[in-house]
Amino acid sequence: MTREYDIIILGGGMVGAAMALALEDTSLKIAVIDAGALEPLLSAEDECAFDSRVSALTEASRTLLDNLGAWKHLRRKFPYQAMHVWDAAGTGSISFNASELGVPNLGHIVENSAVRHGLLSCLTESSVHLLGGIDVQELKQEKGAVSLKLRDGTFLQSRLLIAADGAGSRARYWAGIPMREWDYLHHAVVTTVELEKPHNDTAWQIFLDTGPLAFLPLPTSSDGRHFCSIVWSLVPDEAQRVMELPEEEFLKYLGGSMENRFGRILGADKRYCHPLRQRHARQYHRGQVVLIGDAAHTIHPLAGQGANLGFLDVASLAEEIHRAVARQEDFAAPHILDRYQRTREGHNLAMAGIMEGLQRLFHSDHMLFRWLRNSGLNLTDRMPFLKQEIVSRAMGLRGELPELAKKR
């Protein structure tokens, strides 16, 4: 038995769900496939505990989610007002403040599970077919169509397959799309911690000899407790040591590494450790398969830009497909997908290059690099117009944005 669709989206995470919602108002028959469930269900435990995975969403991402109708469904959206970055091995520092820059906030810290829940809440009321618990065994392309073979022997067929199945994308592998990739030789330790003192609605990042440590502010609880999500980039041996520390030792070591800015670290949720690799597809489409989000590119989590790049992929590809449908063109034609790639590839590569350069600059202990980064931070901190430009670009307020990422 074969079920036919116009577009199949493989992967129902944040980016895949946003892609489906962005195409929902076309005349196309859309399906989202995921090995897991595709229901917007949150347990009582989910409602109380913070997700260890969070994203620092830009204004462009917030606008996209708002235009899709999902933003209002997101729980615990935390607008942070300031950012402070400094070098532990020197005197360099830089601060950004929303009020000084004339913006309501610098962005929102939102749990990834909350973003996905909001998107799925909208999708369950849409015309999109949600196929959860589906195990895809094989992908074939022939005669301008994509065919997916499922474990139970049935087939799904579509004119276009959008791969949103993450960094280890099987669709990318099956389509034969090559990758550029290298190991950062760092692992990210992530968890949620409770602070003795408030975070002051500020995102904090310190560059240590072992790698950057970020404290991302989360909402204060109803009983006045203060929380942050941490992302700690460490060389593998040090990451393993930190993961194995007893909780009291971990809390003390973490607080000292952050120069005890928040007094004592009172507690921590379960720690997770993820190896960091940079990946970028050599092409964003091949045949009837096109890549978005982490399936196309992953970068260092230094500035929390991964989800934002994925959402801009969504907005750009949706714009091309909408335009093709309106003109009664073939939405899966190579020139349509080429336009999407031209729009996104340069921006994604530039962001990857910036993150790579910063990671190398701050990881070096060479005296010249130490002087350059400290002098550069201090000089930039004294230049309001340059800081305004940096924040505007980081928030997605500069340059050409796809229609879905613009305010309506």
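Okay, here's what the table says:
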| item | result |
| --- | --- |
| Of all residues in segment 21-32 being out of contact with any His (no Cβ under 9 Å at 6 or more places or on another chain) and within 14 Å of L120 (Cβ to Cβ), the one that is surrounded by the most Cβ atoms within 10 Å (Cβ to Cβ) | L21 |
| Sole exception among (1) small (G, A, S); (2) touching a residue at least 60 places away in the same chain (Cβ under 8 Å); (3) crowded, with 18+ Cβ neighbours inside 10 Å for A35, by number | (3) |
| Residue in segment 264-285 that is polar (S, T, N, Q), surrounded by fewer than 24 Cβ atoms within 10 Å (Cβ to Cβ) and under 23 Å from R159 (Cα atoms) present | yes |
| Selection count, segment 266-288, where residues are of a type outside the set (D, E, K, R), at pLDDT 95 or above and under 28 Å from Y184 (Cα atoms) | 7 |
| When residues of segment 188-244 are limited to those that are under 24 Å from G90 (Cβ atoms) and among the hydroxyl-bearing types (S, T, Y), the one modelled with the highest pLDDT | T202 |
| All helices (runs of 4 or more DSSP H) inside segment 1-113 with 1 or more residues being at pLDDT below 90 and of a type in the set (S, T, Y) | 98-101 |
| Test: residue in segment 121-128 that is in contact (Cβ under 8 Å) with a residue 12 or more places away in the chain, of a type in the set (V, I, T) and over 30 Å from D209 (Cβ atoms) | yes |
| Long-range neighbours under 8 Å by Cβ, at least six apart or interchain, first residue under 20 Å from M14 (Cβ atoms) within segment 91-116, second polar (S, T, N, Q) and outside any strand (DSSP E or B) | G107/T58 |
| Residues satisfying the stated conditions in segment 145-169, i.e. touching a strand residue (DSSP E or B) at 6+ places or on another chain (Cβ under 6 Å), more than 14 Å from I30 (Cα to Cα) and among the polar types (S, T, N, Q) | S147, S169 |
| Given (1) part of a helix (DSSP H, G or I); (2) surrounded by fewer than 20 Cβ atoms within 10 Å (Cβ to Cβ), index of the condition G118 fails | (2) |
| Number of the condition not met by H226 [criteria: (1) within 15 Å of A49 (Cα to Cα); (2) under 18 Å from the mean Cα position of the chain (by Cα)] | (2) |
| Unique match (being on the phi > 0 side of the Ramachandran plot, crowded, with 16+ Cβ neighbours inside 10 Å and among the small types (G, A, S)) among G69, G92 | G69 |
| Of all residues in segment 227-257 being among the aromatic types (F, W, Y) and part of a helix (DSSP H, G or I), the one that is surrounded by the most Cβ atoms within 10 Å (Cβ to Cβ) | F250 |
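A quick yes/no check of all residues on (1) assigned to a strand (DSSP E or B); (2) surrounded by fewer than 20 Cβ atoms within 10 Å (Cβ to Cβ):
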{"site": "I134", "(1), (2)": "no, no"}
{"site": "V146", "(1), (2)": "yes, no"}
{"site": "I162", "(1), (2)": "yes, no"}
{"site": "A167", "(1), (2)": "no, yes"}
{"site": "Y184", "(1), (2)": "yes, no"}
{"site": "H187", "(1), (2)": "yes, no"}
{"site": "N200", "(1), (2)": "no, yes"}
{"site": "P212", "(1), (2)": "yes, no"}
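The values are calculated or read from the model by the stated rules, or taken from the named source; none is laboratory data. Predicted model, so just to flag it, every value in this text is computed and none were measured. Glycine gets a Cβ as well: all are built from the backbone with ideal geometry, and neighbour counts include every protein chain shown.
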